[in-house]
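A.B. asks: The structure's right below; bear with me while I get my questions together.
Each value in this text was obtained by applying a stated rule to the coordinates, not by laboratory testing. Everything numeric in this text was worked out from a predicted model, so none of it was measured. Here the Cβ positions follow ideal geometry from the backbone for every residue, glycine too, while neighbour counts run over all protein chains shown.
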Ligand code: NAD
């Protein structure tokens, strides 16, 4: 059983924390590691070190700054399957899903190696006779990421590579529930050639987060997690003058039009709803069928939900793993029961699941609930489990209204063969990520991850040019060099 370490100033450090969180394999309930719940003192040391090293790192030419990222990319690829296996063990998603997560992490590292071009400013000569004006981008100082449990590797990479390549130094606070993957990634960071103190990691929970939010040396905070915590992070960090972006929870609707190609779409939709056991901020959790789509869709989704292979994500052929914890299983099963009490009908019931050989695991099988009352808890709260609620309307306008009635705005999808319907949907829905005949509209590394409404607090998002904007501050210089001052050479 592993004791997770911190990594500060290029050294592995045993935390002085008195309390620890358990890292548990959710398929077997086996204890894998203990995460130290460090506090202000450990965060303070890491931030002071990163702030000191920033003075040197920002002066390193950008071509040199991206060299360790090239190396890190190679090391991540060499260790790809080991990292994916670790993700499955501590977080529960299948090995293939974990490989998908790693792919996006690597893609973001590759993207940030383009920083010599990405962080260029712009200029105009002769804004007035003999006067030139330029915009240059400079790094902020110490940046941070506070990460959730459901992507132990990828989410840190929405931010960290861009922060480092633009000349910031960095502190990562992984989720205390899944800290082994990031510890392994830091073993690779250690070999990548970053100068000591440029990249740091402190483990902990709320006290460590509060220390980050209050530390005067931290200039930028990125957070991904649940909406209540995202709101807290955004208000605290901005009140203390930091640049902040906080991505929150989701409740993603998918609209099925009567002309949708059901045969090709059903697997995509099932993967969106039940992939990663529904523990994805881009999981479809509400289906809105329009007109004649209701009968064929319901029949097909019942079939795929009932037949999905559930088990340990490292076993061959498994299509869906467990949810993260016993508490999570209990909460999800409570929501399913509550929906029936509010008038819905449970068509496929995944409660009380036992998986042979993994009787201690936290499994909820795919669940389909129909006639969901649009005002009920299941219609509005984030389930974060493999539960699909079905609703029905007669027109696209009604469907768009249902989509826009919710507080969250992470993703909204439509399945149709009609370009006009698709365009209307794209134009009118209040969501930052939109899928047209796509189940999980997850932006590539060169596009921003753009949640709206209660799914995002801030201005600039993660990944690509948004991340460059976020981790740099603009400086505008206006210059005049009168001719008569020039010496004659
Ligand atoms: P969480 O909010 O419980 O925890 C996220 C991080 O915040 C962890 O590092 C944790 O230590 C810290 N934290 C928890 N409670 C805190 C508190 N009271 N004060 C300060 N810090 C605190 O989220 P989670 O359960 O780990 O992750 C699942 C959530 O993340 C879901 O709501 C999901 O939708 C969301 N998520 C969103 C996105 C997105 O892009 N919008 C992506 C992935 C996950």
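A.B. asks: With both bridge residues required to lie in the chain, what share of the DSSP beta bridges run antiparallel, to the nearest 5%?
C.D. replies: Here the antiparallel bridges make up roughly 40 percent for the chain.
A.B. asks: Answer rounded, prolate or oblate for segment 1-101, using the Cα gyration tensor with square roots of eigenvalues a ≥ b ≥ c: rounded when a/c is under 1.5, else prolate when a/b is larger than b/c, else oblate.
C.D. replies: Verdict is oblate for segment 1-101.
A.B. asks: Still on this structure, I have one more. Roughly speaking, what is the centre-to-centre gap between segment 100-114 and segment 140-195 when only Cα atoms are used, to the nearest Å?
C.D. replies: 13 Å
A.B. asks: Now for a different question. Given the alpha-carbon gyration tensor of segment 253-436, what are the semi-axes of its equivalent ellipsoid in whole angstrom, ordered largest first, with each equal to the square root of 5 times an eigenvalue?
C.D. replies: Largest first, segment 253-436 gives 27, 17, 15 Å.
A.B. asks: If R₀ is 30 angstrom, what is the calculated FRET efficiency for the pair residue 2 and residue 316, using the beta carbon separation as r and rounding to 0.05?
C.D. replies: 0.70
A.B. asks: Additional query: Any idea how far the Cα center of segment 197-265 sits from the one of segment 1-69, in Å?
C.D. replies: 19 Å
A.B. asks: Could you tell me the extents of segment 154-224's C-alpha atoms along the three principal axes, largest first, rounded to whole Å?
C.D. replies: 31, 26, 21
A.B. asks: Let me ask you something else. Order these peptides, 20-27, 228-235, 59-66, 411-418, by their mean beta-carbon neighbour count within 10 angstrom, highest first.
C.D. replies: 411-418, 20-27, 228-235, 59-66
A.B. asks: Report the label-to-label distance for residue 430 and residue 480 in nanometres (one decimal), using points 7 Å from each Cα along the Cα→Cβ vector.
C.D. replies: Rounded to a tenth, the inter-label distance reads 5.0 nm.
A.B. asks: When only Cα pairs under 8 Å and 6 or more residues apart are kept, what is the percent relative contact order across the chain?
C.D. replies: With pairs under 8 Å counted, the relative contact order is 18 percent.
A.B. asks: Going by average Cβ density within 10 Å per residue, which order do the peptides 379-385, 328-334 take, highest to lowest?
C.D. replies: 379-385, 328-334
A.B. asks: Between residue 134 and residue 302, 0.36 nm times their residue separation minus their Cα-Cα distance comes to what?
C.D. replies: Here the segment from residue 134 to residue 302 would lengthen by 54.5 nm.
A.B. asks: Equivalent-ellipsoid semi-axes (√(5λ), Cα gyration tensor) for segment 113-213, whole Å, largest first?
C.D. replies: 35, 15, 12
A.B. asks: Grab the DSSP H runs of the chain that are 4 residues or longer, score each as -39,500 (n - 2.57), total them, divide by all residues and round the 222 nm result to the nearest 500 deg cm²/dmol.
C.D. replies: Value at 222 nm, helices only, nearest 500: -11000 deg cm²/dmol.
A.B. asks: If you don't mind, there's one more thing I want to ask. In units of 2.2 N^0.38 Å, what is the alpha-carbon radius of gyration of segment 267-343?
C.D. replies: Computed over Cα atoms of segment 267-343, the ratio equals 1.21.
A.B. asks: Given the Cα atoms of segment 188-266, and with Rh set as the inverse mean 1/r over their pairs in the Kirkwood sense, what is Rg to Rh to two decimals?
C.D. replies: Ratio of gyration radius to Kirkwood radius for segment 188-266: 1.23.
A.B. asks: Provide the FRET efficiency to the nearest 0.05 for the residue 473-residue 187 pair, computing r from the beta carbons and using R0 = 45 Å.
C.D. replies: Efficiency computed from Cβ-Cβ geometry: 0.90.
A.B. asks: Regarding segment 385-454, what's the average projected area of the Cα-atom convex hull, expressed in nm²?
C.D. replies: Value for segment 385-454: 5.5 nm².
A.B. asks: Quick one: compute the contact order of segment 166-317, relative version, from alpha carbon pairs under 8 angstrom and 6+ residues apart, as a percent.
C.D. replies: 16 percent
A.B. asks: Could you pull the Cα extents of the chain along its three principal axes, largest to smallest, in whole Å?
C.D. replies: 86, 58, 40
A.B. asks: OK, next. Once the Cβ-Cβ distance between residue 48 and residue 380 is put in as r, and R0 is 41 Å, what FRET efficiency do you end up with, to the nearest 0.05?
C.D. replies: After rounding to 0.05, the efficiency reads 0.40.
A.B. asks: Ranked from highest to lowest mean number of other Cβ atoms within 10 Å per residue, what is the order of the peptides 358-368, 293-303?
C.D. replies: Going by the mean number of other Cβ atoms within 10 Å, highest first, we get 358-368, 293-303.
A.B. asks: Extent of segment 38-176 along each principal axis, from alpha carbon coordinates, in Å, largest to smallest?
C.D. replies: So the extents along the principal axes, rounded to whole Å, are 65, 36, 22.
A.B. asks: Quick check: pseudo-label points 7 Å beyond the Cα along Cα→Cβ at residue 62 and residue 239, how many nm apart are they?
C.D. replies: Rounded to a tenth, the inter-label distance reads 3.7 nm.
A.B. asks: Also, quick follow-up: Residue 488 to residue 80: extension gain in nm, 0.36 nm per residue of separation minus the Cα-Cα distance?
C.D. replies: 140.8 nm
A.B. asks: OK, next. With the calculation restricted to Cα positions, what are the radius of gyration and Dmax of segment 331-489 in angstrom?
C.D. replies: Final numbers for Rg and Dmax: 24.3, 89 Å.
A.B. asks: What number, in percent, do you get for the relative contact order of segment 253-436 if the mean sequence gap of Cα pairs under 8 Å and at least 6 apart is divided by its residue count?
C.D. replies: The normalised contact order for segment 253-436 reaches 27 percent.
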